[in-house]
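Here the structure is laid out as structure tokens; the discussion comes afterwards.
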């Protein structure tokens, strides 16, 4: 009797193979043949689930966005459940923004893959739609966090946008440094930098 294959599970196996290739060798190596070899499948088997390399890459980009966005929403729910003046709230905020950074093995793979796709979207139109969705999802969470942390609740659209972009730029920069210089930009250093940045955000004067 032939073995029944769970199509969704197999698709996820292929996507995880894409992630491993990107994390170790870069997005350019993620061809159907290379992905099939990494997943231990025939190329025809991969084509059964993804008709082309573009379809596979767009789907993989969507998966990593959804994974990161889900973690951000879960972490933000914890932040919202806590007293803003409590130590637990501060720790939860740090955990939330830490979801953007390669602070452990799982986060490192996702951060590497996410960065690779975002950079590739600049010259690969097929990835542009998911890149835009990625930015909207992340910016929404960061904007809500800034509104929660600023002394006046982030009133003033111009200042809110400025502070949200400043935090996004800090997170992007830390992520890139941590991926490129992991021996120096450790998880401890990343958390120290984030803590310092968040303290300046809370201290932003309301009459600016």
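Results, tabulated for the structure shown:
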read-out	value
Residues being under 20 Å from residue 128 (Cβ atoms) and in contact with a helix residue (DSSP H, G or I) (Cβ under 9 Å, 6 or more places away or on another chain) - total across the stretch 29-54	5
Residue that is closer than 20 Å to residue 122 by Cβ and without any contact (Cβ under 8 Å) to a residue 60 or more places away in the chain, where the choices are 56, 41	56
The listed residue being farther than 14 Å from residue 61 by Cβ and either without any contact (Cβ under 8 Å) to a residue 40 or more places away in the chain or surrounded by fewer than 17 Cβ atoms within 10 Å (Cβ to Cβ) (or both), out of 176, 150	176
Residue list for the stretch 74-88, restricted to those being surrounded by fewer than 16 Cβ atoms within 10 Å (Cβ to Cβ), assigned to a helix (DSSP H, G or I) and touching a residue at least 60 places away in the same chain (Cβ under 8 Å)	80
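Where a number appears in this text, it was derived from the coordinates with a stated rule and is not lab data. Please read all numbers here as calculations on a predicted model, not as lab measurements. When we count neighbours, we look across all protein chains shown, and the Cβ atoms used for this are built from the backbone with ideal geometry, even at glycine.
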